[in-house]
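Take a look at the structure set out below.
The values are calculated or read from the model by the stated rules, or taken from the named source; none is laboratory data. The structure displayed is predicted, hence computed values, not measured ones. Every residue, glycine among them, receives a Cβ derived from its backbone with ideal geometry; neighbour counts consider all protein chains shown. With ligands, DNA and RNA removed, areas are computed over all heavy atoms of the protein, side chains included. Shrake-Rupley method; radii C 1.70, N 1.55, O 1.52, S 1.80 Å.
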Amino acid sequence: MHVVTVKPGYGCNFLNPNGMAIMATPGAKKQLAETIKQRAHKQTISTLAEDNLIVKT
């Protein structure tokens, strides 16, 4: 997941309608940061469980 700059026509006419991108609004950026944070936490929990350092309940 990356924030990139594209020409307006390419973004509006191709990327957005095909579900390949969303507009980088402040709300979307905040949601992306939260999603990345949750995935990192989930990966950490999974790794610790595999190493038998915690017990999943």
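Of all residue pairs spaced 6 or more apart or on separate chains, those with beta-carbon atoms under 8 Å, a first member in the range 1-28 that is under 26 Å from ALA40 (Cβ atoms) and among the small types (Gly, Ala, Ser) and a second member that is part of a loop (DSSP other than H, G, I, E, B) and open to solvent by 100 Å² or more (accessible area, probe 1.4 Å) are ALA28/ILE22. Residues of the range 8-32 that are among the small types (Gly, Ala, Ser) and surrounded by fewer than 11 Cβ atoms within 10 Å (Cβ to Cβ): GLY9, GLY19, GLY27.
Can ALA49 be described as out of contact with any Ser or Thr (no Cβ under 7 Å at 6 or more places or on another chain), in a helix (DSSP H, G or I), among the hydrophobic types (A, V, I, L, M, F, W, C) and at pLDDT below 90? When the stated conditions are applied, ALA49 passes them.
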